[in-house]
Each structure stands twice: as C-alpha cells, then as structure tokens.
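Heads up: the structure comes next, in structure tokens.
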Amino acid sequence: MPLLQIENLRKSFRTSSTLGGSGARLVAVNDVSFTLEQGETLGLVGESGCGKSTTGKLIMQLQKADQGRVLFNDTDLTTLSARQMRPFRRQIQMIFQDPFSSLNPRMTVSSILSEPLIIHKLVPARQIRDRVIELLEKVGLTAEHEQRYSHEFSGGQRQRIGIARALAVEPQLIIADEPVSALDLSVQAQILNLLQELQQQHNLSYLFIAHDLAVIEHVSDRIAVMYLGNIVELTDAETLYKNPRHPYTEALLNAVPVADPDHPRPAPLSGEIPSPVNPPSGCYFHPRCPYADQLCREHSPPLTDSGDKHLVACHHSEQVGQYLIRRR
Ligand code: SF4
C-alpha cells in the first residue's frame, strides 16, 4: 500500500474580471493521479501556475478538492472533518519557498520549535529544551541559535529552521514547495543534501515541488511533469532525464543550464503559457509544441503507460527526443 495515493484530483476556481472575465472558471488541477511510497521522493515539476502548489494544498486539505480522493495510509482525507484531520496534520508537514514569511518574527527559534512539541504533547515539559537543541543540531544549527529571532538568520539558516519545525512533529510525509528557489546555488546544494540525509535517517517521503528540472534531478526517485493542471509525463528520474517522451519535458530539459563550457546554451521554453481560463483545443501544449499536427489540435491525448510504468500524454511520444540537447 502506498503512503499517499492521489486519485483523479480536480480543483477549479472562479476568477476575477482581470483573468478572462468575471465568473470564468479556471481549472487549476485536472484529474491528477499519482502515488508516493514510504521513503520515496516524487518531484512535481512545471512552470508557475501549472497547478503543482494547488496539488500540495489539496493533499494538506488546506483547500478542498472538487472531486477525487487523497488516500494517506489508506484513509481518504477528503472525507474528514477538521477535527478528524488533526492527527494527519502532524503526519503531513509542509516546507515553503519563503521560510521568512512562515516564521513568526516575534518568536525566538526556541519558541518556534517548542510550540508544536507542546501542542501535540510530544515530549514531557522538562525535555522540551533538549529536544529543541536536538532538532537544531539535526539541521546543522546549534544551541547558540535557540534564543535568536528569525530576522537574525540568513535565508539558508531560516530554511533550516523551517525544516526543523517540520521535523519536530515526526511526520511521515513532507511537501516541500519550492524549498530552495529563493536561495543561492551553493546554499541550495546544502539544503538539498540536508533533506536527503534527513530522509535516510527518518524514512521520510517527500513531494518535492519545483519549477524547473535542474533543482530536483538529484533528489527525486520519480518525477511527474505538470502542464496547465494536468500530469503530462510521469516516470523514474533516470528515464525522464535520459529518455523524455513528452515535448514539454524535452523543452524543460533543454532549459536546464549545464556546467560544461562546450555544452550548448540552455534553450528557454518558447511561447507563452496559455490561459487556464481559456485553454487551447485538443492537446493544451500544441501552440508551443514543435511536433504538433492536426490530430493534436483536435484531440486531447490521454495519459497512458508507454511501457515500464512510463506514463505520457502525447499522440507522438515516439518522435520525442529529436530536439533534445543531449547531456554528456
Ligand atoms: Fe505535442 Fe501533439 Fe504531443 Fe501535444 S500531443 S505534446 S501537441 S505532439
């Protein structure tokens, strides 16, 4: 049984007049399904507005899905009341892109980390300080940091505090929403390494949300690529990087910078993301796709297994790779 099983999740919103007319309906997440095993990392990647963060919020039940199921350890979270959901809130934690906005500036690090321990009655009062120091050390900080406020830390250190707070409640699943996007490259690597170490120590599962494939390459076991609310490709990370079968994945891979002076320059994705209020006919990617033909303009391709659990939504997946800038 997977730790997390998402089935046919769908979420739409009514938009304001600035987004295609008053009352227009925007489908943010459209029939999304995937599973996540204990100890596994699933990367969820796509340009901004593709529905990946909404998917994270639907799993956390921060937003309610219009339809579909979110099975966590075989319990459907979409059917639970706020009270029934409480124990699951402990088991599913979120790490955000901007740790500064998610850390209370009036609380010391000690208070930030003590709070969940007290609320969930996880350790006796006399052991709280020891546990706070243990959490700080787990994320590469020290006891010296416990009486400081979040504004006294660098971006990387604040993200470490955010990770410690998530760990405090001993979760099984962490949804990491762009956790390193706001950090310098060298700090990104440190945080990614830390997340991997913690995963091994605690057998954590991660849903790792990112807007490009560069960040998640080394942390993901499998990767799901989202475009305009739909998963368009899902497979293991190695296969996705070596043998993408969807033109959008191919374009995302070509946009990844490579640290090799002889490698061709990264190619930015061409064309604008279509409005989700008024998406294109047929395959949503056809206005930006170099392989598109009449079939694509008229018929939406279903997500199907093209072999070895490699799921792709493309009429011409066998042609994909012609434009891929191969990495050495
Ligand atoms: Fe491109 Fe057609 Fe595949 Fe869509 S179905 S990604 S337009 S080739």
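The values are calculated or read from the model by the stated rules, or taken from the named source; none is laboratory data. Because the structure is a prediction, the values reported are computed rather than measured. Glycine also receives a Cβ, built like all others from the backbone with ideal geometry; neighbour counts cover every protein chain displayed.
Residue 265 satisfies every condition listed in (1) modelled with pLDDT of 90 or more; (2) away from the ligand (no atom under 16 Å from the Cβ); (3) of a type outside the set (Gly, Ala, Ser) except (1). Residues that are assigned to a helix (DSSP H, G or I), touching a Ser or Thr at 6+ places or on another chain (Cβ under 9 Å) and surrounded by 22 or more Cβ atoms within 10 Å (Cβ to Cβ) within region 166-192 comprise just one, 168.
Does region 32-44 contain at least one residue that is under 17 Å from the mean Cα position of the chain (by Cα) and over 23 Å from residue 221 (Cα atoms)?
Checked region 32-44: no residue is under 17 Å from the mean Cα position of the chain (by Cα) and over 23 Å from residue 221 (Cα atoms).
Note on region 21-46: among residues that are at pLDDT 90 or above and of a type in the set (Gly, Ala, Ser), the one that is surrounded by the most Cβ atoms within 10 Å (Cβ to Cβ) is 46.
Here residue 230 passes the criteria (1) touching a strand residue (DSSP E or B) at 6+ places or on another chain (Cβ under 7 Å); (2) away from the ligand (no atom under 16 Å from the Cβ) except the one numbered (2).
Out of 245, 297, one residue alone is in a loop (DSSP other than H, G, I, E, B), modelled with pLDDT of 95 or more and within 29 Å of residue 12 (Cα to Cα). It is 245. Within region 65-112, the residues that satisfy the criterion of being at pLDDT below 95, within 21 Å of the chain's Cα centre (by Cα) and more than 17 Å from residue 167 (Cα to Cα) are 98, 100, 101.
Kindly provide the set of residues from region 282-328 that are among the β-branched types (Val, Ile, Thr), more than 19 Å from residue 222 (Cα to Cα) and either without any contact (Cβ under 8 Å) to a residue 60 or more places away in the chain or within 11 Å of the ligand (Cβ to nearest atom) (or both), ordered by number. Correct list: 320 only. (1) at pLDDT 95 or above; (2) within 16 Å of the ligand (Cβ to nearest atom): which one isn't true of residue 251, the others all being true? Looking at each condition in turn, residue 251 falls short on (1). Only residues that are of a type in the set (A, V, I, L, M, F, W, C) and under 29 Å from the mean Cα position of the chain (by Cα) were counted in region 113-132, giving 6.
Scanning region 3-20 for residues that are hydrophobic (A, V, I, L, M, F, W, C) and either modelled with pLDDT of 95 or more or part of a loop (DSSP other than H, G, I, E, B) (or both) yields 3, 4, 6, 9, 19.
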